[in-house]
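Every number in this text was worked out from the coordinates using simple rules, so none of it is lab data. Please read all numbers here as calculations on a predicted model, not as lab measurements. As a convention, Cβ positions derive from the backbone with ideal geometry for all residues, glycine included, and neighbour counts pool all protein chains shown.
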Protein chains: 4
Amino acid sequence: MIIVLRPHTPKAAIDAVIAEIAKLGYEPAPIHGATQTVIAAIGDERTGQNLESLRALPQVESVLRVQKRYKLTSRESHSATTVVDVDGVKIGGNQVALMAGPCSVESEEQLLSTARAVKAAGATILRGGAYKPRTSPYEFQGLGKEGLRLLAMAKAETGLKIITEVLSERDVEHVAATADILQIGARNAQNFQLLIECARSGKAILLKRGMSQRIEEWLLAAEYLLAHGNPNVLLCERGIRTFETYTRNTLDLAAVAIAKKESHLPVIVDPSQGCGRADLVAALCRGAIAMGADGLLIEVHPNPAEALSDGQQQVDFAAFADLVSSLAPFLAASERC
Amino acid sequence: MIIVLRPHTPKAAIDAVIAEIAKLGYEPAPIHGATQTVIAAIGDERTGQNLESLRALPQVESVLRVQKRYKLTSRESHSATTVVDVDGVKIGGNQVALMAGPCSVESEEQLLSTARAVKAAGATILRGGAYKPRTSPYEFQGLGKEGLRLLAMAKAETGLKIITEVLSERDVEHVAATADILQIGARNAQNFQLLIECARSGKAILLKRGMSQRIEEWLLAAEYLLAHGNPNVLLCERGIRTFETYTRNTLDLAAVAIAKKESHLPVIVDPSQGCGRADLVAALCRGAIAMGADGLLIEVHPNPAEALSDGQQQVDFAAFADLVSSLAPFLAASERC
Amino acid sequence: MIIVLRPHTPKAAIDAVIAEIAKLGYEPAPIHGATQTVIAAIGDERTGQNLESLRALPQVESVLRVQKRYKLTSRESHSATTVVDVDGVKIGGNQVALMAGPCSVESEEQLLSTARAVKAAGATILRGGAYKPRTSPYEFQGLGKEGLRLLAMAKAETGLKIITEVLSERDVEHVAATADILQIGARNAQNFQLLIECARSGKAILLKRGMSQRIEEWLLAAEYLLAHGNPNVLLCERGIRTFETYTRNTLDLAAVAIAKKESHLPVIVDPSQGCGRADLVAALCRGAIAMGADGLLIEVHPNPAEALSDGQQQVDFAAFADLVSSLAPFLAASERC
Amino acid sequence: MIIVLRPHTPKAAIDAVIAEIAKLGYEPAPIHGATQTVIAAIGDERTGQNLESLRALPQVESVLRVQKRYKLTSRESHSATTVVDVDGVKIGGNQVALMAGPCSVESEEQLLSTARAVKAAGATILRGGAYKPRTSPYEFQGLGKEGLRLLAMAKAETGLKIITEVLSERDVEHVAATADILQIGARNAQNFQLLIECARSGKAILLKRGMSQRIEEWLLAAEYLLAHGNPNVLLCERGIRTFETYTRNTLDLAAVAIAKKESHLPVIVDPSQGCGRADLVAALCRGAIAMGADGLLIEVHPNPAEALSDGQQQVDFAAFADLVSSLAPFLAASERC
């Protein structure tokens, strides 16, 4: 870390900072400019104490980090892109994974008809929420275990792999009994206890970026998963919260390229949450492919206008089939399939 | 809700929306303007189905809510300000509650010396984190149960009530055995399973606003607590995430006045997290008092420069005593004590 | 507009709002729900008085707009996409326009070598700042008229059209004497006097989205240009300000699809400002093409490390040539050239 | 500046950066850690070339600034708080300045009645917009020169000083003939040509913070004014743009304390724009006083519901008088008057 002292700090006050740096386990290397002194603190910033506490000293103006805070997640630690194998479906390789299905599991007919439709259009993984995190306690909270039962039924019939969200540490075990991929939603992106529990399940995990999570913090949340022994992690960009109100969120497509540059993990894009409008989903899928996404997570519903959650961002079967067709030239342009 | 149709929508398409509104359980009341039709959907928006799904129809331009989404939390449902009684310490009444203590519980000496100092300066509630949500898995994660033991010891000695954060549904029971107030942190502001579990404990709950939570969403998170039977809720403004980088967060002091206007719940301000800089804490406390805050949650450490977490935002004992003194005229101006 | 009254507003207070709406020139149409009344105010919201002022009445809870605020800019007013003809170079048609050149014009050699290089790689328009809006008064402010002279020289030699930023109403005339496209920068996105002056020049105008401008506000800024008689407007997405710090701005690629859906104007993307990092520019260009951009505005410098402004986001000649080559398959996938 | 190199950068690539730093006019001081080298570049960052351009080199990971970018504006350059003398009304001293009046000047009766009312309640400066920056070209654009004439009339009758916004370089001269303080609005916060022209007028200038301007950038905009010879600058916090939708902007009251700590200039707060809701203005005024504001800029209208601009945030005469009374104990608590 670099500790910047205020201009014209007297020597005794500089020495006090130098001593404190040494006490906290770093080797201090001061550099004296014309009016300001900076002190480099040499040591491992990741595992050593965070020297930002030194800003509590009046002569310290700022503390600047030098090293990256994530390690296992970083491209430096693992130069090849990780391919996550979800029971035979490979994510992160040449093929872009299509995950599709309803926002919420609502009924057997709704789920099975959707499963058949998305499979026919090319999806290999079925999404569907059994446990739904809803802003209001009065909104539909999901079918819970019944939803999981229906997902298992859809899997048995279609062979699609299953991704579904887990909201509680206590649900990890039974959700993992059905799901092939555990989804951690944006609201739980820094629910570290849930992350650790999911990591321990050994299942593949799709980690959504939090609504106002910096990319560094997202990679550090992934670091919790890897540090707890689970390398099967998919990062998922799903839009960040900004001042814009036309869309529900602002999909940060640059984050796809950044996450792939900084990390070795596959990156999935959720355009449905990312904009909250069915009419933009296809365009965002094309943009995501062009930016290098390794997969797409798309909400599909037989009759969006009557959906029990987020109908406005779900596409119907025909629109989904069209969308998938429209991606082909962009997959080819990206040398993906 | 108000459903706005696109300009020049043909009659058949208007009728289809009217029929759909009726089907979804609302009474449709169309109003025809010169170029655009809007349809009011009369009914209870809170418990009825969310008509935003109608945006899935191509002739629907937008859907506007009319009613407030929160109910038990609202000032309409409960016109008097709630006073939460924390084992004799009343919050929300005439007296502004001072909650103070270290960011993390680090050791017996650190905690007990701080407890004595903050009590001497006028605090009635001791804060201290035993379980710490940390951005990186390599940072100090708190002392856990040992931390709780030390908090209990500090309570026994000083008589201060205890507030401490709970991170996991599984910890609620044993944290509640020590704590007088369960703190739900900003990262868990929409971890609804944790909220429900805390609500069920019957303990008072301090609910921090999420980093990018709109005030409506914050009140809806509180609604989860009240709807699950726990009326002892303290709202806590702790800064929101913006583009500004001088401070760690942007403390939204207007939110204090808004939350007190919209809701009957007491509102606490956390200036330490709110700015992330010890040198601004006293000024923000004065601002919070002037805006009508019912309590302050302040981080205090015997030696902030060596704190194991967030030293830069913790004040030392002398600074805390000065801060408390400086509040007296503002409390008087607010007709509080 | 829709005026939402507070629950349980007495009849006299409802009638007062109805009377006020009529007085302000709208036809009031009240709808009475179980607990709340809403009043539709029928009339032209765009040219009539803004009824948001009614929120000043205590019985009014909120005022919701129904109509779109922009008109000439809107797709409804002009269903075909506008093609702006810049002295023979057509923007908005089948061909995606490549605009490239240095952030600032620094010297004859710098500019001319860049002009030759970008032309060789396929650009048809040369960018280069003669007047530079700089955050600090101590930073390089551009060469001014000498910069314009060099741009004219580059145009004469290469035949490239010229785009350059104008910062002052007083400069419009002489900048327009050299430039084929006047660029309005993000900091001046709501400098309406400058917009009007540029509109009057009759030149094509590239209007950058402001740093925190909602899409609606951006289209309304364009509306100033069209309403002052200039239809030759190019919208330019250049990144918005968010909490993310990895990039300088967050490029909002969804805005490309939205602006093309809502408006008939061509949409250009500036990936250089959009991320502030040379290493992301190529990926963002591919994303922009896939999202439907009609042009790209890319910063190119012979030696970015020594650039007098924003070197970190400028690509060198070789990188630019590679970038252009990499776009070909995505142009083909988009059925553009 | 500190140049951080990537881990394991080979010696030759380190030496290349060292040479480049020297070439650009700084003295390089490398510090070699276990895996990473950082190079301090010693020299005046403010007037020297911005080394961020070095990020264009592949071996450079980041560039960190050490020095503050503003100088004349800084508290270091001028330790006493500046008192701006507006023709006898002193701002920045012990007395908190009350500036009040309508959002827009609409008519003689509207302006004069307001001037009398705000004077009676204690204001010393009359605000009123003659030139209005409006998001839509179809909204009321102000009375222009007629508005200035009315302001002059109000001044002649009441003796109140006048503050009014200037939108165009071409208006500075004639606006300055009437106004005592030139107001630069949030939309023009980085319209540097307008800033320079206003600076040259010699008049006092109130500089509003831009909607998404970091505090550093705001102080740098003020630096433009001081660097062009005008020390009579008032900073004005008026709310920043965030994701919150309950209020029009998020008033950043911490910025008051920060601006007063970092700078010697007086700080004014505009609570009307800051929240966009009349019902919050009084509370925000109290908060602003408690945070140390040197003045308040408040919108007052005889009949807000019929105001031609922003009625929803204007208070009427009775509310203004109440508001002023309610401030007295907070002024006393702050040892201000």
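Distances from residue B:77 to the same residue in each other copy, label points 7 Å out along Cα→Cβ, in nm, shortest first?
Computed spacing set for this position: 4.5, 4.6, 5.5 nm.
Ordered by residue, what ³J(HN,Hα) values in Hz, to whole numbers, does the range B:179-189 give under the Karplus form 6.51 cos²θ - 1.76 cosθ + 1.60, where θ = phi - 60° and Gly and Pro are x?
After applying 6.51 cos²θ - 1.76 cosθ + 1.60, I find 7, 8, 10, 8, 9, 9, x, 4, 5, 9, 4 Hz.
Is there a simple number for the mean count of other chain Cβ atoms within 10 Å of the Cβ of residues in D:59-71, and what is it? Walk me through the intermediate numbers first.
On the way: counts 0, 2, 3, 5, 1, 7, 3, 11, 7, 5, 5, 3, 3.
Other-chain Cβ atoms within 10 Å of each residue's Cβ, averaged: 4.
Can you bin the protein assembly as shown into rounded, prolate or oblate? Criterion: square roots of the alpha carbon gyration tensor eigenvalues sorted a ≥ b ≥ c, rounded for a/c under 1.5, prolate for a/b above b/c, oblate for the rest.
Working: a/c = 1.06, a/b = 1.01, b/c = 1.05.
Judged from the Cα gyration tensor, the protein assembly as shown comes out rounded (a/c under 1.5).
Kindly identify the range C:60-209 as rounded, prolate or oblate by the Cα gyration tensor criterion: order the square roots of the eigenvalues as a ≥ b ≥ c, call it rounded if a/c is under 1.5, otherwise compare a/b with b/c, prolate if a/b is larger, else oblate. List each step's numbers first, then the result.
Working: a/c = 2.33, a/b = 1.47, b/c = 1.58.
In terms of gyration-tensor shape, oblate.
Nearest 500 deg cm²/dmol is fine: what mean residue ellipticity at 222 nm does chain C get from its DSSP H runs of n ≥ 4 alone, each adding -39,500 (n - 2.57), divided by its residue count?
On the way: 10 runs with 115 residues, N = 337.
Taking each H run of at least 4 residues, the total per residue is -10500 deg cm²/dmol.
Residues in the range D:143-160 near a label at residue D:112, defined as backbone nitrogen under 17 Å from the 7 Å Cα→Cβ point?
The answer is D:146-160.
Looking at the range D:79-211, what % of its DSSP beta bridges pair antiparallel, to the nearest 5?
On the way: 3 of 16 bridges.
Once the DSSP bridges in the range D:79-211 are tallied, antiparallel ones form about 20 percent.
What net charge do the residues around residue C:26 carry, taking every other residue with its C-beta under 12 Å from that of residue C:26, with Lys and Arg at +1 and Asp and Glu at -1?
Details: positive: C:23; negative: C:20, C:27, C:44, C:45.
That works out to -3.
Calculate one ³J(HN,Hα) per residue across the range D:160-171 by plugging θ = phi - 60° into the Karplus curve 6.51 cos²θ - 1.76 cosθ + 1.60, and present them in order as whole Hz with x for glycine and proline.
Working through the residues one at a time gives 5, 6, 10, 10, 8, 7, 10, 10, 9, 3, 6, 8 Hz.
Sticking with the crude label model, points 7 Å out along Cα→Cβ, report the distance from residue C:156 to residue A:34 in nm, one decimal please.
In this crude label model, residue C:156 to residue A:34 measures out at 4.2 nm.
As a test, work out the antiparallel percent of DSSP beta bridges whose residues both lie in chain D, rounded to the nearest 5.
Values: 18 of 46 bridges.
Beta bridges within chain D, antiparallel portion: roughly 40 percent.
How many nanometers, to one decimal and shortest first, lie between the label point of residue D:335 and those of its other copies, if labels sit 7 Å from Cα toward Cβ?
Result for residue D:335, in nm, nearest copy first: 2.7, 7.1, 7.5.
Check residue C:162: other-chain or 5+ apart residues with amide H under 5 Å from its amide H, H built from backbone geometry?
C:126, C:180, C:181
Under the rule of at least 5 residues apart or a separate chain, name every residue whose amide H is placed under 5 Å from the amide H of residue B:76.
Under 5 Å from the amide H of residue B:76: no residue qualifies.
Quick one: Karplus J couplings for the range C:289-303, per residue in order, coefficients 6.51, -1.76, 1.60, θ = phi - 60°, nearest Hz, x for Gly and Pro?
Running phi through 6.51 cos²θ - 1.76 cosθ + 1.60 with θ = phi - 60° gives 4, 4, 7, x, 4, 9, x, 10, 10, 10, 8, 9, 9, x, 8 Hz.
First check a/c for the range C:52-141, with a ≥ b ≥ c the square roots of the eigenvalues of its C-alpha gyration tensor; if it is under 1.5, answer rounded, and if not, answer prolate when a/b is larger than b/c or oblate otherwise. It would help to have the intermediate numbers written out before the result.
Numbers: a/c = 5.30, a/b = 1.70, b/c = 3.11.
Verdict is oblate for the range C:52-141.
Which distances, in nm and shortest first, link the residue A:144 label point to the same label point in every other copy, taking 7 Å along Cα→Cβ?
3.0, 6.9, 7.4
Enumerate the amide H contacts of residue A:97 below 5 Å, restricted to partners 5 or more residues apart or on another chain; note that Pro and chain-start residues carry no placed amide H.
For residue A:97, whose amide H was placed from the backbone, the distant partners under 5 Å are A:92, A:295, A:296.
Find the chain B residue whose Cβ sits closest to the rotation axis that carries B onto A, and give that distance in whole Å.
Nearest Cβ to the rotation axis, residue and whole-Å distance: B:212, 2.
Using alpha carbon centroids, what distance separates the range B:242-307 and the range C:1-67, in Å?
Computed from Cα coordinates, the inter-centre distance equals 37 Å.
How well do other chains shield peptide D:161-168, expressed as the mean number of their Cβ atoms within 10 Å of each residue Cβ? Could you put the intermediate results ahead of the total?
On the way: counts 0, 0, 0, 0, 0, 1, 4, 9.
Other-chain Cβ atoms within 10 Å of each residue's Cβ, averaged: 2.
What order, most packed first, do the peptides B:16-22, B:279-285 have when packing is the mean number of other Cβ atoms within 10 Å of each residue?
Numbers: B:16-22: 17.6, B:279-285: 23.1.
Result, highest mean first: B:279-285, B:16-22.
Mind checking the mean number of beta-carbon atoms from other chains within 10 Å of the Cβ atoms in D:205-211? Intermediate values should be presented prior to the final figure.
Details: counts 0, 0, 0, 0, 0, 6, 7.
For this peptide, the per-residue mean of nearby foreign Cβ atoms is 2.
Comparing A:277, A:214, A:238, which has the greatest mean-square fluctuation in the GNM of chain A with Cα pairs linked when under 10 Å apart?
A:214
Once the Cβ-Cβ distance between residue C:95 and residue C:322 is put in as r, and R0 is 25 Å, what FRET efficiency do you end up with, to the nearest 0.05? Write down the numbers at each step before the final one.
Numbers: r = 21 Å, r/R0 = 0.82.
Efficiency computed from Cβ-Cβ geometry: 0.75.
Note down the net charge around residue A:131, summing +1 for each Lys or Arg and -1 for each Asp or Glu among other residues with Cβ under 9 Å from its Cβ. Write out the running numbers ahead of the final one.
Details: positive: A:132; negative: A:165, A:171.
Combined, the nearby Lys, Arg, Asp and Glu give -1.
Based on DSSP, what percent of beta bridges with both residues in the protein assembly as shown are antiparallel, to the nearest 5? Before the final figure, lay out each step's value.
Numbers: 72 of 184 bridges.
If we restrict to bridges inside the protein assembly as shown, about 40 percent are antiparallel.
Could you order the peptides A:85-95, D:196-206 from most to least packed, using the average number of other C-beta atoms within 10 Å per residue?
On the way: A:85-95: 16.5, D:196-206: 21.5.
Per-residue Cβ counts within 10 Å, averaged per peptide and sorted highest first, yield D:196-206, A:85-95.
Sort A:152-161, D:55-64, D:74-83 by the packing proxy (mean of other Cβ within 10 Å over each peptide's residues), most packed first. All intermediate terms of the calculation are to be shown ahead of the outcome.
Numbers: A:152-161: 16.7, D:55-64: 19.2, D:74-83: 14.5.
Going from most to least packed, we get D:55-64, A:152-161, D:74-83.
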